[in-house]
Amino acid sequence: MATTAPLSIKTGELLQGARSEKRRVLLLVYHHDGVEMAPMSPGVGVVVGREAPADVVIRDRSISRRHARFTLVGGEVVVEDLGSRNGTRISGQRVESGVVKAGDEVLLGGIVASVHVLSGSEMPPFGLEGSDALRFALQAEIVRSRFFGRKFALVVVRSLGAQASHLRHWGLRVREALRPVDRVAFYSADTLEILLPEVTPELAEELAKAIVARREGEPVLVAGVAVSPDAATSIDKLIEVSHEASRSATPAEPVRLAPPEGALVYVTPKVDSTRPPDAAGPPGAPPESQWEANGHLLATKSPLMRSLVEVALRAARSSIPVLLRGETGTGKEVLARFIHDGSPRRGEPLICVNCGAIPALLVESTLFGHERGAFTGASQQHKGVFEAAAGGTVLLDEIGELPAAAQAALLRVLETKRVTRVGATKELEVDVRVIAATHRDLDAMCDAGTFRLDLLYRLNAMTLNIPPLRARRDDIATLAAGFLAQANSANISRVQSLAPEALALLKCYSWPGNVRELRNAIERAVVIAEGDAIMARDLPERIRLAVTSPSSPPTPSRAVDVSRSSEPGVAPALSQRASEPLPSRPSEPLPPRASEPGQAAAPAVGLKTRLEQIEAELLLEALRASDWNQTEAARRLELPLRTLQHKIKVYGIKKLGYGVAR
Ligand SMILES: Nc1ncnc2c1ncn2[C@@H]1O[C@H](COP(=O)(O)OP(=O)(O)OP(=O)(O)O)[C@@H](O)[C@H]1O
């Protein structure tokens, strides 16, 4: 396998080696959306700038149209500033021109470039994708995992410490620990996200340990691992929990696994139950936009949500079952915590359990417990969720996934307020408030006979429908400000605010992942922002492009933006979106795409386009895995060769040299 050369060696020495061992010299330019790579040839200059005809185009306002030229001359890499506005700096020194040594940081305006020398007769299968490209790949993995029942993992790797090290010092060597099918994406200057397809949790952990294994003189790396479907089944949840896991990693325990979702998510600590249950938020919290109970924050400004919260607060005082409906990431769990924390039960446990993530055979024993010897493997008596939550609240998330037998047993518990452990003859009295949550249409499931109508009646004494974020755009600023403040205190960051154009973009986007997607976007923006405000360029590409992308359905040959989803060497023939300029800075907030305030907007990426993106991803993956042998790729995909060739043409997929315009 090709390896990176030690960065302490001077470029000149490396180039000696490069000639004798066919080493190759690469210019790497790190920017907000990823890393561009340009192979360097003797005497041929590589111009980095904001617009074509620069060879490496980075759409970043801090660099000039033609900012700097890198040339391999006489065994050394020389950089010349091309009269740029913000200058070129080598290791902090502003220069007109100068020699770049391997490992030197070359600052072009606000972006970083560096030179690397790779050994081996071929270019390594190295590619750092943008984080949006990784989202598409994750979506494809989720679909595949559902169809074929295979697991995959998302690993977040970051360098640790107050002086977290830029990934140019360690990013390339991460590849060495990975398999060719694994995909590496740029998250921020000190963090990578890695998709590991087809892994068991054990293999994912092993790979993560190999990635963070420390070498002499290298920075401390830690990793958070989230395996799907165990820990999460949606893109944003995977991102959320893998980053959470990475934040809990330490040098002593550098790899942390996100807990499986079916596990009891948490049990609230006992709190001072003498406090009035509906006590208002923290001192100074704007009462019109935030509620807080037991440290949990529920931020909203939307009249729609405010009335929902008020109803929830009234419901909190009683013990009636509440059914929370809403798309993934809308805040069902937040509202459930809020109801619990606002109820007289708040000194007792709240146990959240994802019914969809418990293996079907274990649902009843998880919820109701089992006696020793009740089934093979039941070596101990075990209390179920209902017993463990005695006096408190149980949140049954994804209630629509409950198997028929468990539905019947749950109905019995709700009717009799008694549970029977699996294998027991005796019933036990339980005093538990049940909150159920779902993103599914339970009425339609009742009509189809897959959910019990009598159980639905028991659960929905009160139903709260949480609107998707796109239907309450007036919440976006409040939520974003709350997440910014939280991310700031976690990162000890200097980012204070959101620039008006960034907020305008947030308000225009359709948020298919709802509040969780917004939270993830703000958390990333805080770590990549350069100034004291989040700018439009700090937001994910899909959010920036949602405003400028055409609203009419795309034609097939430009429907799929896979320009960043592929490793270097793979790009679509036509990449309309990638070549579009950034939205200009609007002086006024842009209007929402929904026709009326509060009305759901059409998602920025429609179902057809999303499916096409997934299909293109699968084609690309099969082609890569087959070393671009179409017959082999067609066999893997179980497609006739002609169909594959047709699709390749329709999607404009082709293999390129290094993805850099030359
Ligand atoms: N009103 C809100 N105020 C503050 N944070 C919120 C709010 N709504 C959602 N969040 C945040 O968004 C993320 C998703 O929320 P939550 O887990 O409650 O969604 P959910 O609807 O239960 O999702 P899923 O159906 O996928 O389990 C969490 O990080 C949560 O803290």
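A few comments on the model shown:
- Close contacts from the range 132-159, counting a first residue that is within 12 Å of Y187 (Cβ to Cβ) and outside the structural domain of D230 (by the TED database) and a second that is surrounded by fewer than 24 Cβ atoms within 10 Å (Cβ to Cβ) and acidic (D, E), with Cβ to Cβ under 6 Å and a gap of 6+ residues or different chains, come to none at all.
- Residues being in the same structural domain as D182 (by the TED database), open to solvent by 30 Å² or more (accessible area, probe 1.4 Å), within 14 Å of the ligand (Cβ to nearest atom) and of a type in the set (S, T, Y) are represented in the range 214-233 by at least one member.
- Count of residues meeting criterion [open to solvent by less than 10 Å² (accessible area, probe 1.4 Å) and more than 11 Å from the ligand (Cβ to nearest atom)] in the range 453-475: 4
- Close Cβ contacts (under 7 Å, 6 or more residues apart or on different chains) running from residues in the range 480-506 that are surrounded by fewer than 17 Cβ atoms within 10 Å (Cβ to Cβ) to residues that are not in a helix (DSSP H, G or I) comprise N488/V495; R494/D532; Q496/D532; Q496/A533; S497/A533; P500/P589.
- With respect to the conditions (1) open to solvent by 30 Å² or more (accessible area, probe 1.4 Å); (2) modelled with pLDDT of 90 or more; (3) charged (D, E, K, R), D397 falls short on a single one, namely (1).
- Close pairs (9 angstrom Cβ cut-off, 6 or more residues apart or separate chains): among the aromatic types (F, W, Y) and within 12 Å of the ligand (Cβ to nearest atom) in the range 335-364, assigned to a strand (DSSP E or B) and at pLDDT 85 or above anywhere: none
- Residue check for A252: within 15 Å of the ligand (Cβ to nearest atom), at pLDDT 50 or above and either part of a loop (DSSP other than H, G, I, E, B) or within 13 Å of the chain's Cα centre (by Cα) (or both): no
- Picking from residues in the range 32-61 that are of a type in the set (D, E) and in a loop (DSSP other than H, G, I, E, B), the one that is most open to solvent (accessible area, probe 1.4 Å) is E51.
- When the residues of the range 507-520 are filtered to those that are hydrophobic (A, V, I, L, M, F, W, C) and more than 9 Å from the ligand (Cβ to nearest atom), the one that is surrounded by the fewest Cβ atoms within 10 Å (Cβ to Cβ) is C508.
- Answer from E176, E218, E206 - the residue that is without any contact (Cβ under 8 Å) to a residue 12 or more places away in the chain and over 23 Å from L618 (Cα atoms): E206
- Qualifying residue in the range 403-410 (condition: open to solvent by 50 Å² or more (accessible area, probe 1.4 Å), assigned by the TED database to the domain that holds R346, modelled with pLDDT under 90 and aliphatic (A, V, I, L, M)): yes
- Among the criteria (1) more than 16 Å from the ligand (Cβ to nearest atom); (2) modelled with pLDDT of 85 or more; (3) open to solvent by less than 50 Å² (accessible area, probe 1.4 Å), the one D532 does not fulfil is (3).
- Across the range 411-426, the qualifying residues are those that are within 23 Å of G356 (Cβ to Cβ) and of a type in the set (K, R), and the one among them that is least open to solvent (accessible area, probe 1.4 Å) is R421.
- Scanning the range 426-437 for residues that are in contact with a strand residue (DSSP E or B) (Cβ under 6 Å, 6 or more places away or on another chain) and under 30 Å from A525 (Cβ atoms) turns up at least one hit.
The values are calculated or read from the model by the stated rules, or taken from the named source; none is laboratory data. It should be emphasised that the depicted structure is a prediction, and the values quoted were computed from it without experimental measurement. Cβ sites come from the backbone with ideal geometry, for glycine too, and all protein chains shown count toward neighbours. All accessible areas refer to the heavy atoms of the entire protein, side chains included, with ligands and DNA or RNA removed. Shrake-Rupley method; radii C 1.70, N 1.55, O 1.52, S 1.80 Å.
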